[in-house]
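To start, the structure under review is shown below, and the notes come after it.
The values are calculated or read from the model by the stated rules, or taken from the named source; none is laboratory data. Fair warning: this is a prediction, and the values are worked out from it, not measured in the lab. Cβ coordinates were reconstructed from backbone atoms using ideal geometry, including for glycine residues, and neighbour counts include every protein chain displayed. Surface accessibility is based on the protein's heavy atoms, side chains included, excluding ligands, DNA and RNA. Shrake-Rupley method; radii C 1.70, N 1.55, O 1.52, S 1.80 Å.
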Amino acid sequence: MNISIVYDSKTGITKKAAEAMANILKAKGHQCSAVDVQAADPAALKRADMLFLGCWISGLFIILQQPSKPFRQFARTLPDLAGKKVALFCTYKLAVGSSLKKMAETVSSHGGRVAAIFKFRGPQPDAAFEEFAAKL
């Protein structure tokens with residue numbers, strides 16, 4: 001399967017998570033790439049069999065949580081996903097609020113089908129990401 005992982009990372013935690021998932025998926029025999037939202041190619045997204053889209057969550061302590069601004073800008077430019085399976089993931093410090101719901105709504109508005117959602121809190125991605133990626 002050809003899988004594209006697109007992420008936005010501020011401190012490197014989300015990038016590490018995306019790279020960890022890419023390594024797991026490659027080890028399972030999938031063709032996989034992980035790229036920052038700034039480098040994402042819409043044509044490559046259309047060619048992928050499945051997408052993983054992720055970002056860090058911004059907000060004020062425990063209020064006003066939302067996907068990062070670069071991710072929101074990227075999400076508005078998604079191509080027609082026409083039923084494509086999409087896994088959503090985020091990293092956060094205190095709370096995610098309705099961020100994942102907003103991400104899912106955006107994917108659905110572009111025709112994508114949300115197949116999985118995962119959130120991670122902490123300074124380093126751990127085995128939980130491996131389990132998440134392995135189930136897909």
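Taking the numbered list (1) more than 20 Å from residue 132 (Cβ to Cβ); (2) in a loop (DSSP other than H, G, I, E, B) in turn, residue 74 passes all entries but (2). Each residue in segment 18-30 was checked for being open to solvent by 90 Å² or more (accessible area, probe 1.4 Å) and in contact (Cβ under 8 Å) with a residue 24 or more places away in the chain, and 1 pass. Among the residues of segment 28-43, those that are at pLDDT 90 or above and assigned to a helix (DSSP H, G or I) comprise 37, 38, 39. State whether the residues of segment 30-37 include one that is touching a Leu at 6+ places or on another chain (Cβ under 9 Å), farther than 21 Å from residue 12 by Cα and of a type in the set (S, T, N, Q). Yes: segment 30-37 contains one or more residues that are touching a Leu at 6+ places or on another chain (Cβ under 9 Å), farther than 21 Å from residue 12 by Cα and of a type in the set (S, T, N, Q). Of the set (1) polar (S, T, N, Q); (2) open to solvent by 50 Å² or more (accessible area, probe 1.4 Å); (3) farther than 16 Å from residue 4 by Cα, all apply to residue 33 but (3).
Taken over segment 26-49, the criterion of being of a type outside the set (Gly, Ala, Ser) and within 16 Å of the chain's Cα centre (by Cα) is satisfied by 32, 35, 36, 37, 38, 41, 42, 45, 46, 49.
None of 84, 10, 93, 15 is surrounded by fewer than 18 Cβ atoms within 10 Å (Cβ to Cβ), under 15 Å from the mean Cα position of the chain (by Cα) and not aliphatic (A, V, I, L, M) except 10.
One line per residue, one yes/no per condition, for (1) under 20 Å from residue 120 (Cα atoms); (2) not in a loop (DSSP other than H, G, I, E, B):
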site	(1), (2)
16	yes, yes
21	yes, yes
46	no, yes
66	yes, yes
81	no, no
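Return the residues of segment 110-136 that are exposed (fewer than 15 other Cβ atoms within 10 Å of the Cβ), over 21 Å from residue 31 (Cβ atoms) and at pLDDT below 95; say none if nothing qualifies. Hits for segment 110-136 are 121, 122, 123, 124, 126, 127, 128, 131.
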